[in-house]
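Peer 1: Okay, here's the structure, questions in a sec.
The values are calculated or read from the model by the stated rules, or taken from the named source; none is laboratory data. Note that the structure is a prediction, hence the values are computed from the model and not measured. Because the Cβ atoms are built from the backbone with ideal geometry, glycine has one as well, and the counts that use them run over all protein chains shown. SASA here: full protein model, heavy atoms, side chains in, ligands and nucleic acids out. Shrake-Rupley method; radii C 1.70, N 1.55, O 1.52, S 1.80 Å.
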Amino acid sequence: MAYIIFGLGNPGEEYEHTRHNVGHMALLLLGKNLDAEWKSDKKTNADIAKAEIGKQKVTLLRSHYFMNQSGGSVKPLITSAKSAEKLVVIHDDLDLPLGAIKISFNRGAGGNRGVESI
């Protein structure tokens with residue numbers, strides 16, 4: 001089963017280069033580095049790209065929903081607890097200094113409503 005890498009953000013030009021859109025920006029950069037081809041998907045209301053990182057298949061997902069409803073894009077792809085284990089979510093965290101990253105597993109939303117929606 002492929003990993004699903006989901007970048008949180010908001011649609012629209014006014015949000016394009018904001019800190020709140022770091023998930024979308026990171027996903028677009030990853031897709032560019034992997035030569036991924038993006039396609040609009042009606043089932044998930046998102047842009048999707050299939051790629052490989054090494055030998056691991058990945059699905060890149062960038063929602064058309066606003067951040068607080070973005071879980072609607074993930075729901076059609078996560079059909080079991082096992083598939084949820086392969087979900088990676090990229091999002092901003094105001095508690096971290098700009099440019100810092102944190103990787104966590106099996107954690108709560110930490111007040112991030114986009115993560116809560118997932």
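Peer 1: Given (1) open to solvent by less than 80 Å² (accessible area, probe 1.4 Å); (2) at pLDDT 95 or above, where does ASN33 come up short, assuming only one miss?
Peer 2: Answer for ASN33: the failing condition is (1).
Peer 1: Something else now. Mind counting the residues in the stretch 67-100 that are over 12 Å from the mean Cα position of the chain (by Cα), under 18 Å from ASN112 (Cβ atoms) and not in a helix (DSSP H, G or I)?
Peer 2: Selection size over the stretch 67-100: 9.
Peer 1: What are the residues in the stretch 1-37 that are without any contact (Cβ under 8 Å) to a residue 40 or more places away in the chain and of a type in the set (Gly, Ala, Ser), if any?
Peer 2: GLY12, GLY31, ALA36
Let's see how each residue does on (1) of a type in the set (A, V, I, L, M); (2) crowded, with 19+ Cβ neighbours inside 10 Å; (3) modelled with pLDDT of 95 or more:
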| site | (1), (2), (3) |
| --- | --- |
| GLY7 | no, yes, no |
| GLY12 | no, no, no |
| GLU16 | no, no, no |
| ASN21 | no, yes, no |
| GLU37 | no, no, yes |
| ASP41 | no, no, yes |
| VAL58 | yes, yes, yes |
| MET67 | yes, yes, no |
| ASP92 | no, yes, no |
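Peer 1: Answer yes or no as to whether GLY71 is open to solvent by less than 70 Å² (accessible area, probe 1.4 Å), of a type in the set (Gly, Ala, Ser) and in contact (Cβ under 8 Å) with a residue 40 or more places away in the chain.
Peer 2: Numbers: open to solvent by less than 70 Å² (accessible area, probe 1.4 Å): yes; of a type in the set (Gly, Ala, Ser): yes; in contact (Cβ under 8 Å) with a residue 40 or more places away in the chain: yes.
The answer is yes for GLY71.
Peer 1: Looking only at the stretch 2-34, how many residues end up being in a loop (DSSP other than H, G, I, E, B) and closer than 25 Å to SER80 by Cα? Break it down into steps so the answer makes sense when it comes.
Peer 2: We begin by selecting, within the stretch 2-34, every residue in a loop (DSSP other than H, G, I, E, B); these are 2, 8-12, 16-18, 34.
With closer than 25 Å to SER80 by Cα added as a condition, the list becomes 2, 8-9.
Number satisfying all stated conditions: 3.
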